[in-house]
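Q: Provided herewith is a single structure, encoded as structure tokens, for subsequent inquiry.
The values are calculated or read from the model by the stated rules, or taken from the named source; none is laboratory data. Just so you know, these numbers come straight off a predicted model, no measurement behind them. For neighbour counting, all protein chains shown are included, and Cβ atoms are generated from backbone atoms with ideal geometry for every residue, glycine included.
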Amino acid sequence: MKYVHVGINITNLEKSITFYQKVFGVSPVKVKEDYAKFLLKTPGLNFTLNVRDEVNGNQVNHFGFQVETAEEIVSHKERLEKEGFFAREEMNTTCCYAVQDKFWVTDPDGNEWEFFYTKENSEIHSIKSESCCVNTPVTSNNQCC
């Protein structure tokens, strides 16, 4: 396989192109009146923006980039904050049966992007946090169900 393909619906092409240029660090390879396409070599991603009249937030839960080192988390977070993004940080959190360092940014249509580094595996799904437990009941021992 050469690329993973993700196509998302957006409402404002100009705002979304600006957001994703900053997040991905590259310009789109194709832009039309109602469409834009980004090709990332690492990770191999064919990512398209498709204009729609209305989009209701994060229809897919979230997107993410898993990085190889804790230093990459800091580097990407600092880079995106310099671009003017607010990064919601979650360091040393338990989520998805792993202990992770991560942060989140949100595109103009409400789609969340997670940058995360997995430190170690965990027997617990997650400790109550904004990212893992949104829309998920929390048990008395603070775990998401």
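Q: Looking for whichever is at pLDDT 90 or above, hydrophobic (A, V, I, L, M, F, W, C) and more than 16 Å from residue 15 (Cα to Cα) here; the options are 45, 49. Which one fits?
A: So the residue among 45, 49 that is at pLDDT 90 or above, hydrophobic (A, V, I, L, M, F, W, C) and more than 16 Å from residue 15 (Cα to Cα) is 45.
Q: Let me ask another. Return the total of residues in the range 21-38 being small (Gly, Ala, Ser) and either under 17 Å from residue 63 (Cα atoms) or surrounded by 12 or more Cβ atoms within 10 Å (Cβ to Cβ) (or both).
A: Result for the range 21-38: 2.
Q: Kindly check whether there is at least one residue in the range 105-112 that is more than 20 Å from residue 11 (Cβ to Cβ), in contact (Cβ under 8 Å) with a residue 24 or more places away in the chain and surrounded by 18 or more Cβ atoms within 10 Å (Cβ to Cβ). Let's see the steps before the verdict.
A: Quick first cut of the range 105-112, residues more than 20 Å from residue 11 (Cβ to Cβ) only: none.
Checked against the condition, which is being more than 20 Å from residue 11 (Cβ to Cβ), in contact (Cβ under 8 Å) with a residue 24 or more places away in the chain and surrounded by 18 or more Cβ atoms within 10 Å (Cβ to Cβ), the range 105-112 yields no hits at all.
Q: Okay, moving on. Would you call residue 67 over 13 Å from residue 103 (Cβ atoms) and touching a residue at least 24 places away in the same chain (Cβ under 8 Å)?
A: So residue 67 does not fit the description; no.
Q: Does at least one position in the range 20-40 carry a residue that is in contact with a strand residue (DSSP E or B) (Cβ under 8 Å, 6 or more places away or on another chain), in contact (Cβ under 8 Å) with a residue 60 or more places away in the chain and not assigned by TED's automatic domain parsing to the domain that holds residue 122?
A: yes
Q: Same structure again: Where in the range 10-102 are there strands (runs of 3 or more DSSP E), lying fully within it, with 1 or more residues that are within 30 Å of residue 120 (Cα to Cα)?
A: Details: elements: 30-32, 35-40, 45-51, 63-66, 88-95.
Result: 35-40, 45-51, 63-66, 88-95.
Q: Sticking with this structure for a sec: So which of 68, 90, 72, 54 is over 13 Å from residue 105 (Cα atoms), of a type in the set (D, E, K, R) and surrounded by 14 or more Cβ atoms within 10 Å (Cβ to Cβ)?
A: 72
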